[in-house]
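A short write-up of the structure that comes next.
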Amino acid sequence: MYDARVTELTDEKARENGAASGRASMTIDELARQTGMTVRNIRAHQSRGLVPPPEVRGRTGYYGDEHRARIELIKELQADGFNLEAIRRLLEGAGGSSSEVLNFSRALRAPFEDEEPEILDADDMERRWGGADPELLRRAERLGMMRPLGDGRYEVLSPRLQRAGIELAALGIPAEKSLEIGEKVRRQARGVARVFVEVFVENVWKPFNRAGRPEEEWPKVRDALERLRPLASEALLAIFQQVMSEAVEEAAGREIQQELREPAPGKKRSSRRGRRSRR
């Protein structure tokens, strides 16, 4: 009993010292509680080489932030559809930088814009759109604008896009035409997105990968990804505004000017001959 108590006190002191110094300070049970992974699975991942061994002090193994980051990364990669062998290869390439890989993985999957979705029920749909046409809803779902939640409720993924549709409706443009516009713009936007992704891959990721993914360079790669997001939006908006102005002047302007030379529909063109005959 005395030996057990000494071991308990020693382990407790080791945890305190480890936490204070930044060393591994969690037992496997504590690691399991913090990560939501069972002790059995943690040990299984260790046997596969996915999780590094603990730091042994006395007779107890201790785990630190790197172990926790490694487990969180494994869980998130599994949720994304990676099998354990693919995860093992990725982790081997990451070396001791699991936390950086985890941060980069999260940045990569983060939404491009933080926009809070909106929930609409049947009354909301009636008030805003005059009802819920099944075919229009299916088209909106295919475009990624909304998704059904059941019980007549829908989650609008981009309220800003919905507001644009409402404004178009106020201008007399029907919902069918708004969705058609959305489909065309989405196709063009996908091509623009590929351009910026290619810029990142060719100029940031590939040089980093060829260099062996050095641990100290991970923060720079993540920073480049995060900075590219707003830069892409700003560049796209600036170019679009210029192109839109040019398009209005060149195309719409010519058509409108041409039609202004003609009488409005329903009105007859007055003629000099007619005026002379009335004299």
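Structural remarks
- Neighbours by Cβ (under 6 Å, 6+ apart or cross-chain): first from the stretch 230-246, free of Cβ contacts under 8 Å to residues at least 24 places away in the same chain; second in a helix (DSSP H, G or I) and among the hydroxyl-bearing types (Ser, Thr, Tyr): none
- Contacts under 6 angstrom Cβ, first residue in the stretch 126-141 being surrounded by 11 or more Cβ atoms within 10 Å (Cβ to Cβ), partner modelled with pLDDT of 80 or more and part of a helix (DSSP H, G or I), 6 or more apart: 136/175; 139/179
- Any hit, the stretch 190-205, residues being surrounded by 12 or more Cβ atoms within 10 Å (Cβ to Cβ) and among the basic types (Lys, Arg): no
- Selected residue (criterion: surrounded by the most Cβ atoms within 10 Å (Cβ to Cβ)) from residues of the stretch 143-172 that are within 23 Å of the chain's Cα centre (by Cα) and in a helix (DSSP H, G or I): 165
- Pair list, Cβ < 7 Å and 6+ apart or interchain, from the stretch 76-91 residues that are in the same structural domain as residue 218 (by TED's automatic domain parsing) to residues that are part of a loop (DSSP other than H, G, I, E, B): none
- Within the stretch 49-65, being out of contact with any Asp or Glu (no Cβ under 9 Å at 6 or more places or on another chain), assigned to a loop (DSSP other than H, G, I, E, B) and either in contact (Cβ under 8 Å) with a residue 12 or more places away in the chain or among the hydroxyl-bearing types (Ser, Thr, Tyr) (or both) holds for 50, 51, 54.
- Residues satisfying the criterion are present in the stretch 215-223 (criterion: charged (D, E, K, R), within 21 Å of residue 110 (Cα to Cα) and over 21 Å from the mean Cα position of the chain (by Cα)).
The values are calculated or read from the model by the stated rules, or taken from the named source; none is laboratory data. These numbers come from a predicted model, not from an experiment. All Cβ positions, even for glycine, are placed from backbone atoms using ideal geometry, and neighbour counts span all protein chains on display.
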